[in-house]
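> Have a look at this one.
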Ligand code: 13P
């Protein structure tokens, strides 16, 4: 099956509003025609600036879209400091990252909480970018498949079978995030294949359509080799997405890998 690739830029806790808007203007101006959409994922305070700059760029969401890095599962109420999926939709977001390993490790997010968030995001009309991945300790203990199976099972427990293909999965081995130690194409492909098998147990037709992104130290010089693996359908990039030229290079490599 020929799945379209997706390039997602997770800016994490970076960029003030002016920097984010300037980035979008420059990136959009240099972005060539391609079947590969770019999804920008700024911090919440820069979402409005990114939304305006994307609109002004004249790019369609299939060329340039944006989303948030997290949200809560409730629509409104007494949840100080949280942002709801509906609020993100209101800003024009199409995507939301959920279950990122930094949310799991630093902010204590459980598989159960992530499962509630995935369902709420879908209900609001967002595409969740649902992140999973093992730590080095888990991998070395031979628990890779066990961990991925648990994360997929609980994280996707609250959604209908028919909604499954509306989820984008991101496999991000924790040991590869921000470390410069990228998974080899073989390691990444093996994990992606396994994740697709897990998804196929829920809905085999959906599993073939679903995009599974790889994340963890993706750079312009390792991108193509990863993206040409049969079960890798795009990249979720942190550090290398923060500079316009670097993100353009990544986009070029994803486009080349789509041919
Ligand atoms: P790096 O690309 O900086 O390793 O970050 C990956 C990541 O966490 C994307 O969500």
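Please treat every number below as a calculation from the coordinates, not as lab data. It should be emphasised that the depicted structure is a prediction, and the values quoted were computed from it without experimental measurement. Cβ placement follows ideal geometry from the backbone for every residue including glycine, while neighbour counts extend to all protein chains displayed.
> Counting other C-beta atoms within 10 Å, which of 166, 117 has the fewest, and how do the rest follow?
Going from sparsest to densest Cβ surroundings: 166, 117.
> Shifting gears a bit: How much length, in nm to one decimal, is gained on full extension between residue 225 and residue 62, taken as 0.36 nm per residue of separation minus their Cα-Cα distance?
Separation in residues times 0.36 nm, less the Cα-Cα distance, equals 56.3 nm.
> Starting with the fewest neighbours, write out 212, 159 ranked by other beta-carbon atoms found within 10 Å of each beta-carbon.
Lowest to highest Cβ neighbour count: 159, 212.
> For 59, 243, what ranking results if the residue with the fewest other Cβ atoms within 10 Å of its Cβ goes first? Don't skip to the answer; put the middle values down first.
Working: 59 19, 243 12.
Ranked by crowding around the Cβ, least crowded first: 243, 59.
> Just grab the label-to-label distance for residue 45 and residue 2, each label 7 Å out from Cα along the Cβ direction, in nm (one decimal).
Reported label-point gap for residue 45 and residue 2 is 4.5 nm.
> Length gain on complete extension for the stretch residue 243 to residue 22, per 0.36 nm per residue less the alpha carbon to alpha carbon distance? Before the final figure, lay out the partial values.
Values: separation 221, 0.36 × 221 = 79.56 nm, distance 1.11 nm.
Gain in length upon complete extension: 78.5 nm.
> I've got another one for you. Provide the FRET efficiency to the nearest 0.05 for the residue 76-residue 157 pair, computing r from the beta carbons and using R0 = 22 Å. Show your work: numbers first, answer last.
On the way: r = 24 Å, r/R0 = 1.09.
FRET efficiency, residue 76 to residue 157: 0.40.
> For an R0 of 25 angstrom, estimate the FRET efficiency from the Cβ-Cβ distance between residue 146 and residue 209 and round to the nearest 0.05.
Using R0 = 25 Å, I get an efficiency of 0.45.
> Under the rule a/c < 1.5 gives rounded, and otherwise a/b versus b/c splits prolate from oblate, where does the stretch 135-259 land using the Cα gyration tensor?
Verdict is oblate for the stretch 135-259.
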